[in-house]
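The values are calculated or read from the model by the stated rules, or taken from the named source; none is laboratory data. On a predicted model such as this, the values are computed, not experimentally measured, just so you know. Cβ coordinates were reconstructed from backbone atoms using ideal geometry, including for glycine residues, and neighbour counts include every protein chain displayed. Only protein heavy atoms, including side chains, enter the accessible area calculation; ligands, DNA and RNA are left aside. Shrake-Rupley method; radii C 1.70, N 1.55, O 1.52, S 1.80 Å.
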Amino acid sequence: TDSTATRMASPLDYTPASSLSDDLSALPVDVSDSTAVVNVPGATVSLDRSQGSVKSLLEELAYMLRLPSLVKAGFASQMKDNSPDFFALTFSAAQGIACKYGPASAEYRAALVLIDAAVATVVKEMQTLYNGRLNTHVLS
């Protein structure tokens, strides 16, 4: 037998849009080839996209923002049944930014601003998908 496993595609598999900037258009960030500029209270923070934790954060945010459309495309019939659905999302890259730049840094504050905006956007879109039948808990 062939010992090479072939992974089947999931409805939640992520394929990037034409650009990261397109994927993140709902957030308060300007993305260029080398930086992501975020306005935080009292400052403008430029995140270096060559840093692994910044790259990971932006990719996590892009996936999260695409999640409602992926759920709708892959699970439309299950959303209308009477069985509860469960989604858990986590941002591991924010911890990487805190470790690299410090938990009191402007970079970490920028990451939190982006995460807060993404969570608010996704919860609103998921509420619409589930016709207001969504129970949301946000932990930090």
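For this structure, a couple of remarks:
- The charge dipole of the chain, taken about its Cα centre with unit charges on the Cβ of Lys, Arg, Asp and Glu (plus for the first two, minus for the last two), comes to roughly 280 debye.
- ARG109 accessible area, assembled protein chains, probe 1.4 Å, Å²: 100
- Near ALA118, once Lys and Arg are set to +1 and Asp and Glu to -1 for all other residues with Cβ below 14 Å from its Cβ, the sum equals -3.
- Helical runs (DSSP H, four residues minimum) scored at -39500 (n - 2.57) apiece and divided by the length of the chain put the mean residue ellipticity at 222 nm at -15500 deg cm²/dmol.
- Residue ranking by accessible heavy-atom surface, 1.4 Å probe, largest first, among VAL138, VAL54 comes out as VAL138, VAL54.
- Solvent-accessible area, 1.4 Å probe, carbon plus sulfur percent, for the stretch 98-140: 57
- Evaluating 6.51 cos²θ - 1.76 cosθ + 1.60 at θ = phi - 60° for every residue in the stretch 81-87, the Karplus couplings come out as 7, 9, 8, x, 10, 10, 10 Hz, glycine and proline recorded as x.
- Where [x] 2, 7, 8, 8, 8, 7, 6, 6, 6, 5, 4, 4, 4, 3, 3, 3, 3, 4, 3, 2, 1, 0; [y] 2, 9, 17, 20, 17, 13, 10, 7, 4, 1, 0, 0, 0; [z] 2, 10, 21, 24, 21, 14, 6, 2, 0 are the candidate values, the label of the one calculated here for P(r) over Cα pairs in 5 Å bins from 0, in percent is [y].
- Restricting attention to the chain, lysine pairs at least eight places apart or on different chains and with alpha-carbon atoms under 19 angstrom apart total 4.
- Summing charges over all other residues whose Cβ lies under 15 Å from the Cβ of ALA76, with Lys and Arg as +1 and Asp and Glu as -1, gives 0.
- Computed on the chain, with alpha-carbon pairs under 8 angstrom and 6+ residues apart, the relative contact order is 25 percent.
- Carbon/sulfur fraction of accessible area - the stretch 31-80, other protein chains in place, 1.4 Å, %: 51
- Legend: residues ASP81, ASP116, ASP23, sorted from most to least accessible area (1.4 Å probe; ligands, DNA and RNA excluded), read ASP116, ASP81, ASP23.
- Solvent-accessible heavy-atom area per residue, rounded to whole Å², over the stretch 13-140 at 1.4 Å: 59
- Largest to smallest accessible area among SER53, SER69 [probe 1.4 Å]: SER69, SER53
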